[in-house]
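No lab work stands behind these numbers, since they all come straight from the coordinates. Because the structure is a prediction, the values reported are computed rather than measured. Neighbour counts are summed over all protein chains in view; Cβ atoms, including those assigned to glycine, are modelled from backbone coordinates with ideal geometry.
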Amino acid sequence: MRFPLKVDLPRGICMHSHLAVQHLIRQVEADRSRPRDRKPGWLTEMIDELANLFEPISISGRVGFNCQWNNDHWDLQMYLGRVEMVGGVSDGLQKPLNFEFDVRMLMKYFTSVDRMTWTAVPDATADEESLRSAPAGLMISGLVADQQLVLTILEQAPMETAAAMQMRSNGKVIAGLDIDSLWD
């Protein structure tokens, strides 16, 4: 089928139109390579609610998580993000935050529990590989909303995660990692 109306566009517009198409194609390809959030609604809600069970002891903190489907169950790791020191002798040092976690409230989410373990890794000289295979924290495996879930509340953020907040040498907490906010 031919279009009944022919529009003559200036040559300059036609020459540059392919750039916009190429840009859109690259954007679509980039979007395809990004991981999609495929968590079910019940799990997203649970993550939001469990974040409230973290009680930082000294300063406020940000809760992070890793979540993935693993053959027949969901694996969920939650942790309180580290704080990066800015300025002074500790500049660049990332510290884990001390916190309490309400385990009793956590148990209300599980309809049944198959396994519950606490893993402690007090050996500060342990290599990263052993920390990844057995991260320190509380692990609970059981049913939530008729779905199998393995939840681990980590003692500290995984080594590969960036700091969640920054703290100046004067003790002022910078909530985000916005470079411009460093000079307030």
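Can you list the residues, at least 5 places off or on another chain, whose amide H is less than 5 Å from the amide H of ALA136, using H built in the peptide plane?
GLU155
Per residue of segment 39-55, what does 6.51 cos²θ - 1.76 cosθ + 1.60 with θ = phi - 60° give for ³J(HN,Hα)? Whole Hz please, x for Gly and Pro, Karplus curve as stated.
With coefficients 6.51, -1.76 and 1.60, one gets 6, x, x, 4, 6, 4, 4, 4, 4, 4, 6, 5, 4, 6, 7, 7, 10 Hz.
Amide H of GLY81: which non-local residues (sequence gap of 5 or more, or other chain) have their own amide H closer than 5 Å, using H built in the peptide plane?
Amide H neighbours of GLY81, under 5 Å, 5+ apart: ARG62, VAL63, GLY64.
What list do you get for ARG62, ARG82, ARG104 if you sort them by fewest beta carbons within 10 Å? If you can, show how the numbers build up before the last one.
On the way: ARG62 19, ARG82 22, ARG104 8.
Starting with the residue having the fewest Cβ neighbours, the order is ARG104, ARG62, ARG82.
Check MET167: other-chain or 5+ apart residues with amide H under 5 Å from its amide H, H built from backbone geometry?
GLU84, MET85, VAL86, ILE174
Net charge near ARG82: determine it from the other residues with C-beta under 13 Å of the C-beta of ARG82, scoring Lys and Arg +1 and Asp and Glu -1. Write down the numbers at each step before the final one.
Working: positive: ARG62, LYS95; negative: GLU84, GLU155, GLU160.
Overall, the nearby charge balance is -1.
Starting from the 7 Å offset along Cα-to-Cβ, what nm value, one decimal, do you get for the label separation of ASP75 and VAL173?
3.0 nm
Could you compute the net charge surrounding TRP42? Neighbours are other residues with a C-beta less than 12 Å from the C-beta of TRP42; K and R count +1, D and E count -1. Don't skip to the answer; put the middle values down first.
Details: positive: LYS39; negative: GLU45, ASP48, GLU49, ASP146.
Here the charged neighbours net out to -3.
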